[in-house]
Amino acid sequence: MIDLQHVTKIYGQGDVRVTALEDVSLHVERGEMVAIMGPSGSGKSTLMNLIGCLDRPTTGKYVLAGRDVSTLNDNQLARVRNREIGFVFQTFNLLPRLNALQNVELPLVYRREPRAARVRKAMAALEMVGLGERMHHHPNQLSGGQQQRVAIARALVGEPSILLADEPTGNLDSRAGEEIMAIFQELNQQGITLVLVTHDERVARHCRRIIRVLDGRLVGDEPVTAPLRAVPVHSDQEAAQA
Ligand SMILES: Nc1ncnc2c1ncn2[C@@H]1O[C@H](COP(=O)(O)OP(=O)(O)OP(=O)(O)O)[C@@H](O)[C@H]1O
Ligand SMILES: [Mg+2]
């Protein structure tokens, strides 16, 4: 599904060159659920942006779903991205003037789907994340966890094969974080490939594989062996209090 081969990413030129990724090779099969961990500035978001076709590698090759996407132009890349990838962000990135249903419909508006189909699919996506009762609420009328669930529904409505999430629980308390991870696990069981970035080892252990990044290099890749139930998610605040 995801096949990065000796990928390097360099930002800027001359004196301000930053090597964000160096010789990264990573293979993720269809149906995997993978966490990417590493310190701030290690290259996690850069890696996610490449995987999600938001950016191209400086050198190396990226084969996504059997197709070499490392040399596509911006329009071609956008088309692959729209078809294959759903994104979830730490800060939810919902449009405040639109209600939940309208936010979820948005990707289908860009795809020029007819209104009836849009509404039907957006409602189904919101039901899937347990927000069937909140479709007409605006983001400021929803909790953080509920807003993130709307964002997940929006990411899913176009039926992507890969869901990418950069610190999806970073702005949530432990309970909301648990709920989000439970939704991700359920989606993964339904077959979606999931890659998420987290600083939190307890969040990562809800995945089935953990990749570690340090200074732009992959330094670890191991399966998660501990039983999921035994590892609850706690917020940093709670950890500090404990
Ligand atoms: N657009 C950019 N232009 C120049 N340098 C960049 C750009 N984006 C990221 N970098 C640099 O690349 C390196 C990796 O950044 P990246 O955002 O991938 O780290 P990260 O692991 O996601 O960090 P964090 O945990 O803080 O989100 C950093 O040194 C960063 O300063
Ligand atoms: Mg980042």
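The values are calculated or read from the model by the stated rules, or taken from the named source; none is laboratory data. Just so it is clear, the model here is predicted, and its values are computed rather than measured. Here Cβ is always computed from backbone atoms with ideal geometry, including for glycine, and neighbour counts include all displayed protein chains.
Of all residues assigned to region 177-188, none qualifies as being under 19 Å from LEU95 (Cα atoms) and in contact (Cβ under 8 Å) with a residue 24 or more places away in the chain.
Note on region 162-178: residues that are of a type in the set (Ser, Thr, Tyr) and modelled with pLDDT of 95 or more total 1. Here the strands (runs of 3 or more DSSP E) wholly within region 10-84 that include at least 2 residues being over 29 Å from TYR110 (Cα atoms) and either among the hydroxyl-bearing types (Ser, Thr, Tyr) or under 18 Å from the mean Cα position of the chain (by Cα) (or both) are 18-28, 33-37.
Taking region 179-202 as the range and being modelled with pLDDT under 95 and within 16 Å of ligand 1 (Cβ to nearest atom) as the test, the residues that pass are HIS199, ASP200, GLU201. The single condition among (1) surrounded by 13 or more Cβ atoms within 10 Å (Cβ to Cβ); (2) within 18 Å of LEU214 (Cβ to Cβ) that SER40 does not meet is (1).
Residues that are away from ligand 1 (no atom under 15 Å from the Cβ) and of a type outside the set (A, V, I, L, M) were ranked within region 43-66; the one that is surrounded by the most Cβ atoms within 10 Å (Cβ to Cβ) is CYS53. For the structure I just gave you, tell me whether PHE87 is within 16 Å of ligand 2 (Cβ to nearest atom) and either on the phi > 0 side of the Ramachandran plot or charged (D, E, K, R) (or both). In short, no.
Are any residues in region 162-197 under 20 Å from GLY52 (Cα atoms) and acidic (Asp, Glu), and if so, which ones? Once the filter is applied, which keeps residues that are under 20 Å from GLY52 (Cα atoms) and acidic (Asp, Glu), region 162-197 yields ASP166, GLU167.
Remark: pairs (first residue in region 195-212, within 19 Å of GLY86 (Cβ to Cβ) and touching a residue at least 60 places away in the same chain (Cβ under 8 Å); second residue small (Gly, Ala, Ser) and part of a loop (DSSP other than H, G, I, E, B); Cβ separation under 8 Å; 6+ apart in sequence or on different chains) = THR198/GLY170.
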